[in-house]
1. Looking at segment 197-213, which of its residues are within 15 Å of residue 127 (Cα to Cα), open to solvent by 10 Å² or more (accessible area, probe 1.4 Å) and not in a strand (DSSP E or B)?
2. Of all the residues that make up segment 309-347, how many are within 16 Å of residue 135 (Cα to Cα) and among the small types (Gly, Ala, Ser)?
3. Test residue 181 against the criterion of being open to solvent by 10 Å² or more (accessible area, probe 1.4 Å) and not in a strand (DSSP E or B), and give yes or no.
4. Could you count how many residues in segment 285-327 are closer than 30 Å to residue 168 by Cα and open to solvent by 60 Å² or more (accessible area, probe 1.4 Å)?
5. Any idea which of (1) part of a loop (DSSP other than H, G, I, E, B); (2) open to solvent by 70 Å² or more (accessible area, probe 1.4 Å) is the one residue 85 doesn't satisfy?
6. Between residues in segment 36-65 that are under 22 Å from residue 104 (Cβ atoms) and residues that are charged (D, E, K, R) and loosely packed, with under 13 Cβ neighbours inside 10 Å, which pairs lie under 8 Å by C-beta distance while being six or more apart or on different chains?
7. Among the candidates 19, 116, which residue alone is within 16 Å of the ligand (Cβ to nearest atom) and either crowded, with 21+ Cβ neighbours inside 10 Å or of a type outside the set (Ser, Thr, Tyr) (or both)?
8. Confirm whether residue 109 is out of contact with any Asp or Glu (no Cβ under 9 Å at 6 or more places or on another chain), within 15 Å of the ligand (Cβ to nearest atom) and either not in a helix (DSSP H, G or I) or not acidic (Asp, Glu) (or both).
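The values are calculated or read from the model by the stated rules, or taken from the named source; none is laboratory data. Just so it is clear, the model here is predicted, and its values are computed rather than measured. Cβ coordinates were reconstructed from backbone atoms using ideal geometry, including for glycine residues, and neighbour counts include every protein chain displayed. Side chains included, ligands, DNA and RNA excluded: accessible areas come from the protein's heavy atoms. Shrake-Rupley method; radii C 1.70, N 1.55, O 1.52, S 1.80 Å.
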Amino acid sequence: MEAERVGERLLITGGAGFIGRHLTHALLRRGHYVRILDSLIEQVHANGAPPSGLHADAELRIGDVRDASAVRSALEGIDKVVHLAAEVGVGQSMYAVDRYVSVNDLGTAVLFQQLIDQPVRRVVMASSMSIYGEGLYRDTDGRLVQDAVRLPRMGAVGWDPVDRQGRPLVPAPTPEWKQPALASVYAITKYAQERLTLTLAPAYGMEGVALRLWNAYGPGQALSNPYTGVLAIFASRLHNNQPPMIFEDGLQRRDFVHVEDVAQAFMLALEHPRAPGGVFNIASGDDRTVSDVAVLLAAAMGRPGVAPEITGKARAGDIRHCIPDIGLAQEVLGYSARRDFTEGLVELAEWVAQQQAVDRVQHARRELEARGLVA
Ligand code: UD1
């Protein structure tokens, strides 16, 4: 699809991160100007240094999205904003509560406070599938169930949610109309970000769009950040000849979407005339179990003998299954996931082989365990 207007000036908050860097490349290729506002947090960017994959033609401003004056000056001359700046670990959000609420929600509030004075045409924010909590399920009579919940200490009775009569439920594709079920602090903050965007943008003559992302993966993922991104976590373990550690029984399902497909979705959300006011699921449309992914990744990394360790323990705030319905993004935005997962894993493995990944997974797990958040 053609851009409405080439050479737009875009601001990407958190643009030095994994998704932002890929999106920056795609936007520059289309002739846009890209400015990045990023605080280069230590957990993602070792030593607070700009990452190597950051395109030299992007303008990088180092600053915090909660800093009103940094945001004000970053917005000067900007046509559209992509809001990616956020803390992104579900498990970590359950104890670093003030940090997550502050960066994610106060950050979005500060951004909009400044946008009131300096409005742009469109704001596209990165929301998350986490806001659904458990996805949609079907019961044994074929009826859709929206309010599946996990019982405490699920392991003893099986990990999958059951209906009110204790009968099994089967995951069904989850569309955007499913009501939110906010099961982690991270999810709460993402939902607030989404609502702030979709409420404030139109109130001030701007267009707001929210993309609910499933599990993004690909080269450039933060390998040494043990708090999110199961593929990066597993890759970092395997790279250091350690077995991936799997929560629960490993049969929880996730949809892994290649970061280039995510970047494509942002481009469409920025340019498409039918995007404004919308929330769209962005995923590959192809779900698989965490265990299968661990085995496939070990093979792709040339370590087929390293069997994952199934811990039988659950991480607080995790959901069991949420598989996506991407029909709306396909129909309205013309989105389609182009990248094949098996090829994507090979590409990820090749990239990991060239990296120095510090394995901090045990450390992260101890932090959760010390607070009773893995049981
Ligand atoms: C969560 C959010 C997602 C968000 C992403 C990044 C939910 C349901 N999803 O994804 O919207 O975009 O964080 O912020 O809240 N796992 C292991 N071993 C590990 C690490 C993880 O088995 O060492 C398991 C987890 O228990 C989980 C799955 O792998 O079942 C995926 O975990 P992770 O990559 O952290 O992402 P989500 O929690 O799915």
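1. Those that are within 15 Å of residue 127 (Cα to Cα), open to solvent by 10 Å² or more (accessible area, probe 1.4 Å) and not in a strand (DSSP E or B): 198, 199.
2. Of segment 309-347, the ones within 16 Å of residue 135 (Cα to Cα) are 317-327.
Next cut, among the small types (Gly, Ala, Ser) only: 317, 327.
The number of residues fulfilling the criteria is 2.
3. Against the criterion (open to solvent by 10 Å² or more (accessible area, probe 1.4 Å) and not in a strand (DSSP E or B)), residue 181 qualifies.
4. 8
5. (2)
6. 48/42
7. Values: 116 fails: within 16 Å of the ligand (Cβ to nearest atom).
Exactly one residue qualifies, and that residue is 19.
8. Details: out of contact with any Asp or Glu (no Cβ under 9 Å at 6 or more places or on another chain): yes; within 15 Å of the ligand (Cβ to nearest atom): no; either not in a helix (DSSP H, G or I) or not acidic (Asp, Glu) (or both): yes.
So residue 109 fails the test.
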